[in-house]
Amino acid sequence: MLPRDTNAHGTIFGGVILSHIDLAGGIAASREASRNFVTRAMREVEFIAPVFVGDVVSFYATVLRRGKTSITIKVSVEAERGKEPRQRVKVTEAEVVYVAVDEAGKPALLK
C-alpha cells in the first residue's frame, strides 16, 4: 500500500480496502460467468487489523453461492507486514453479492 492511501493515523483508509475487495470479488464473479456484473451488496465487513504503508495486501476470493442472476463471493484480506516479512495478519473479510446484467443494465441469467 502507498502513502497516498493513508489517513491521519498513518494507516490505510478502510475505503481503499473496500474498493480492492470489490475489485477482487468482481474478478472472481467474471471468471465464474461470462457476464458483466454490478455490486448489489457488501456484507459483514469488520476490520480486524490495520494495514500500514509498505504492507503487501492479498485478497482471496471464493464463490459461496450462485443463483439465477447473482453470485456471492467471499473475499478474505491478509496483510504481510512490510517491516516484518513473512508475518501475515488477517485484516478483514466480506461477502459481496454481484448481479449479472445485460447491455441495458437489467438482471441477466448466469451462463
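The values are calculated or read from the model by the stated rules, or taken from the named source; none is laboratory data. Keep in mind that this is a model prediction, so the values were computed, not measured. Note: ideal-geometry Cβ built from the backbone for every residue, glycine included; neighbour counts use all protein chains shown.
In table form, for the structure just shown:
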quantity	calculated
Verdict on Arg65 being charged (D, E, K, R), out of contact with any strand residue (DSSP E or B) (no Cβ under 8 Å at 6 or more places or on another chain) and at negative phi	no
Pick from the stretch 70-97, criterion closer than 16 Å to Ile12 by Cα and either among the small types (Gly, Ala, Ser) or in contact with a helix residue (DSSP H, G or I) (Cβ under 8 Å, 6 or more places away or on another chain) (or both), ranking: surrounded by the fewest Cβ atoms within 10 Å (Cβ to Cβ)	Gly82
For Glu32: the one exception among (1) surrounded by 15 or more Cβ atoms within 10 Å (Cβ to Cβ); (2) modelled with pLDDT of 95 or more; (3) among the charged types (D, E, K, R); (4) within 20 Å of Pro107 (Cα to Cα)	(2)
Odd one out for Phe52 among (1) under 16 Å from the mean Cα position of the chain (by Cα); (2) more than 30 Å from Lys106 (Cβ to Cβ); (3) aromatic (Phe, Trp, Tyr)	(1)
Selection status of Glu84, under 26 Å from Leu2 (Cα atoms) and in a strand (DSSP E or B)	no
Some residue of the stretch 27-34 being among the aliphatic types (A, V, I, L, M), outside any helix (DSSP H, G or I) and touching a His at 6+ places or on another chain (Cβ under 8 Å)	no
Test: Ser19 is more than 28 Å from Pro107 (Cα to Cα), surrounded by fewer than 18 Cβ atoms within 10 Å (Cβ to Cβ) and under 11 Å from the mean Cα position of the chain (by Cα)	no
Pair list, Cβ under 6 Å, 6 or more apart: the stretch 55-68 residue over 15 Å from Leu110 (Cα atoms) and touching a residue at least 12 places away in the same chain (Cβ under 8 Å), other residue surrounded by 13 or more Cβ atoms within 10 Å (Cβ to Cβ) and of a type in the set (Asp, Glu)	Val56/Glu80; Ser58/Glu78
